[in-house]
Amino acid sequence: MARRWTLRRQLTLLYAGPFLVSGALLLLVPLLGARETVPVPGQGQGPSPQAPDTVTAGNHLLGLSAVALAVMVLVSIVLGWVIAGRFLRPLRLIIDTARDISATNLHRRLGPTGRRDEFAELAGTLDDLFGRLEAAFAAQRRFVANASHELRTPLTAQRTLLQVALSDPDASSDGLRAAGREVLALGEAQARLIDSLLTLATGEQGIERPAPFDLAAVARRALDARSDAARARGITVTASLSPAPVPGDESLAESLVANLIDNAVKHNVDGGRVDVATDGSTLTIINTGPVVPHAELDRLFQPFQRLGAQRVRATGDGYGLGLAIVRAIAKAHGAELSATPRREGGLTVTVTFRP
């Protein structure tokens, strides 16, 4: 197996190589001078009595120059090795510390190096990376814990219903049917949760082959599908849908718009209002509802979160995944997502796609 050429070896050769080349070029000067002192035979002049001494002196000078060059090359290699080691010492420290942090404890940081050079920039960049990784892993752990809890809750309820029904020797057919209907309802709740989790995971994967679609048509279909739910609560829905051709994944965009409209209808007040508009490549949804504190806004876009509760339980209001799905799909499209609480209550949400 060939030995790896480390950066220190490469820098050592980089230091010693130019010195060797320049020394060899300088060595040619006495060599050429020695040759010029030797007379050319056949020119009608006899050899000078001093010519042998001149040649001997030139050869001696050439030998001394070659020995000096060899010694200086060795010295330059040693000095290059030492200088390269001192120069790369901060990099080796950064590598060892970063390896230890990634393997054992993401809470640690490289911290300030006391330098003001590229190594300090590298340490700062790695600290930022470790911070993002720590936040991502913490969010993943919370997501897995919440998802497993939400999936376990209906499973436990189903098991309890079936055990009670089977342990009752006098259970009537009506009672068994009622238990069966409750088990089916819990199964449908699980299916909805799994569908939401799959949509969230698909949105986070990104888009491989974007295709053009009309955002206004997507919004129109989502509004038509939810008109009955809005009408049942007396919510007025207005739409101003101008053609909005954008590239992306149309099915994911439908999930984004559907979740925004669902959120606007479910978390509204009876007799409230929902305004949906498309303009160019921008979708805007405005809804009335309870007042949303600015401090709570970012949390609402995290999985299993809802206004007024640290986590969401399996209720008819959903699982708190709607806005998290919206954020994931917007990120997959490279779209700009912004949400602004309204002073009188509710939210103004805009999603601007890349044209």
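The values are calculated or read from the model by the stated rules, or taken from the named source; none is laboratory data. Everything numeric in this text was worked out from a predicted model, so none of it was measured. We place every Cβ from the backbone using ideal geometry, glycine too, and count neighbours over all the protein chains shown.
Quick notes
- Residue within region 83-91 that is at pLDDT below 75, surrounded by 12 or more Cβ atoms within 10 Å (Cβ to Cβ) and of a type outside the set (V, I, T) present: no
- The set of residues from region 198-239 being of a type outside the set (S, T, N, Q), over 29 Å from G272 (Cβ atoms), assigned to a helix (DSSP H, G or I) and touching a residue at least 40 places away in the same chain (Cβ under 8 Å) comprises just one member, E204.
- Of residues in region 277-314 being out of contact with any strand residue (DSSP E or B) (no Cβ under 9 Å at 6 or more places or on another chain) and either assigned by TED's automatic domain parsing to the domain that holds L197 or at positive phi (or both), the one modelled with the lowest pLDDT: G308
- Residue count for region 335-355, restricted to those that are within 21 Å of the chain's Cα centre (by Cα) and modelled with pLDDT of 90 or more: 7
- Test: residue in region 259-269 that is surrounded by fewer than 20 Cβ atoms within 10 Å (Cβ to Cβ) and more than 27 Å from R354 (Cβ to Cβ): yes
- Restricted to region 243-280, and to residues there that are assigned to a strand (DSSP E or B) and of a type outside the set (V, I, T), the residue that is farthest from A217 (Cα to Cα) is R273.
- Test: G187 is of a type in the set (G, A, S), modelled with pLDDT under 85 and surrounded by fewer than 18 Cβ atoms within 10 Å (Cβ to Cβ): yes
- Filter result for D224 (out of contact with any helix residue (DSSP H, G or I) (no Cβ under 7 Å at 6 or more places or on another chain), crowded, with 19+ Cβ neighbours inside 10 Å and of a type in the set (D, E)): no
- Flag for T97 being farther than 30 Å from G320 by Cα and either assigned by TED's automatic domain parsing to the domain that holds L200 or touching a helix residue (DSSP H, G or I) at 6+ places or on another chain (Cβ under 9 Å) (or both): yes
- Selection within region 281-301 - assigned to a helix (DSSP H, G or I) and without any contact (Cβ under 8 Å) to a residue 40 or more places away in the chain: A295, E296, D298, R299, L300
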